[in-house]
Amino acid sequence: LIRLIPPIQYGQYTSLLALATLIISLGGGIQVVMIRRCAVQQSFDLQWGYILLSLKFQCFILMLAAIIGFFFIKDVFSWAGLILYCIGVSGFTILCVGHQAIKRLRTYAFIGIARNLLVILIIIMLSNFVVLRAVNIFYIIGLISIGFLVVFLSMYSSKVQKELNIELLPIIKENISLIVYYAFIGAYTQVDIALVSYFLPSEQVAIYGVG
């Protein structure tokens, strides 16, 4: 990206990416717990149930962040693109890792590679005709990821025999320390970008992001 977009836009992209990573990491702990439980299940219904529960919980976290953000963020278009990115990327990642956990490795590898190639091709093609803004890249990645997320869901939802009643609250209580740990790690790894973005102009944030 540093070769395809101006330094100012890359600096803004770095700042937005740090914020997106921070938001996604808020549900990182429960995702790990769900995928671990998914991996030890024998029936596909139970495996799929834990994957979907993780996906629903992550969507809840992101919708909550979106609602809170709309009261504080002035640039609604950029915030909407950021939330789309978070939904698409985190949801797609949950399903990819879930398929890896249940040993459906060919599907996991094929769809992951196809999604990444499509993102790269579209960004390269558009960069030849327009000056890409940072937020546009988030819209591209987010919408493509959501598209592949829908593909993932449609492929396996029809194979589920019954709806499962898995209670989330006891799982959260049982693993609260792990959930807090992952949220803390997510914040810790992005705090430097947040501080640099606050105190320095976008050009210098771009240099820091590349380094």
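The values are calculated or read from the model by the stated rules, or taken from the named source; none is laboratory data. Remember, it's a predicted structure, so these values are computed and weren't measured experimentally. Note that each Cβ is placed from the backbone with ideal geometry, even for glycine, and that neighbours are counted across all protein chains shown. When the accessible area is computed, the model is the full protein with side chains, heavy atoms only, and any ligands, DNA or RNA have been set aside. Shrake-Rupley method; radii C 1.70, N 1.55, O 1.52, S 1.80 Å.
Go through the stretch 63-76 and give me each residue that's aliphatic (A, V, I, L, M) and open to solvent by 70 Å² or more (accessible area, probe 1.4 Å).
MET63, LEU64, ILE67, ILE68, VAL76 - these are the residues of the stretch 63-76 that are aliphatic (A, V, I, L, M) and open to solvent by 70 Å² or more (accessible area, probe 1.4 Å).
The rows are residues; the columns are (1) within 19 Å of ILE141 (Cα to Cα); (2) modelled with pLDDT of 80 or more.
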site	(1), (2)
ILE23	yes, yes
GLN42	no, no
GLN47	no, no
PHE57	no, yes
LEU62	yes, yes
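Examine the stretch 77-86 for a residue that is over 15 Å from LEU22 (Cβ atoms) and crowded, with 20+ Cβ neighbours inside 10 Å, and state whether such a residue exists.
For the stretch 77-86, residues over 15 Å from LEU22 (Cβ atoms) and crowded, with 20+ Cβ neighbours inside 10 Å: present.
Any residue at all in the stretch 115-124 that's touching a residue at least 12 places away in the same chain (Cβ under 8 Å), closer than 19 Å to GLY11 by Cα and open to solvent by 40 Å² or more (accessible area, probe 1.4 Å)?
yes
Report, by residue number, each residue of the stretch 87-107 that is open to solvent by less than 70 Å² (accessible area, probe 1.4 Å) and either in contact with a His (Cβ under 7 Å, 6 or more places away or on another chain) or more than 19 Å from GLY28 (Cβ to Cβ) (or both).
Of everything in the stretch 87-107, those that are open to solvent by less than 70 Å² (accessible area, probe 1.4 Å) and either in contact with a His (Cβ under 7 Å, 6 or more places away or on another chain) or more than 19 Å from GLY28 (Cβ to Cβ) (or both) turn out to be ILE102, THR107.
Go through the stretch 198-211 and give me each residue that's part of a helix (DSSP H, G or I) and open to solvent by 40 Å² or more (accessible area, probe 1.4 Å).
Listed by number, the residues that qualify are TYR198, PHE199, GLU203, GLN204, ILE207, TYR208, VAL210.
Give me the residue from the stretch 137-168 that is at pLDDT below 85 and among the polar types (S, T, N, Q) and, out of that set, nearest to PHE92 (Cα to Cα).
Checking each candidate, the answer is SER154.
Which residue pairs have Cβ atoms closer than 7 Å, lie 6 or more positions apart in sequence or on different chains, and pair a first residue in the stretch 174-199 that is more than 15 Å from GLY29 (Cα to Cα) with a second residue that is in a loop (DSSP other than H, G, I, E, B) and not aromatic (Phe, Trp, Tyr)?
Short answer, once both residue conditions are applied: none.
Kindly evaluate ARG36 against the criterion of being surrounded by fewer than 22 Cβ atoms within 10 Å (Cβ to Cβ), outside any helix (DSSP H, G or I) and either basic (Lys, Arg) or in contact with a strand residue (DSSP E or B) (Cβ under 6 Å, 6 or more places away or on another chain) (or both).
no
Residue check: is LEU22 surrounded by 21 or more Cβ atoms within 10 Å (Cβ to Cβ), in a helix (DSSP H, G or I), in contact with a helix residue (DSSP H, G or I) (Cβ under 6 Å, 6 or more places away or on another chain) and aliphatic (A, V, I, L, M)?
Spelling it out, it is not the case that LEU22 is surrounded by 21 or more Cβ atoms within 10 Å (Cβ to Cβ), in a helix (DSSP H, G or I), in contact with a helix residue (DSSP H, G or I) (Cβ under 6 Å, 6 or more places away or on another chain) and aliphatic (A, V, I, L, M).
State all residues of the stretch 58-77 that are under 17 Å from the mean Cα position of the chain (by Cα) and either under 19 Å from VAL32 (Cβ atoms) or touching a residue at least 24 places away in the same chain (Cβ under 8 Å) (or both); if no residue qualifies, say none.
Within the stretch 58-77, GLN58, CYS59, PHE60, ILE61, LEU62, ALA65 meet the criteria.
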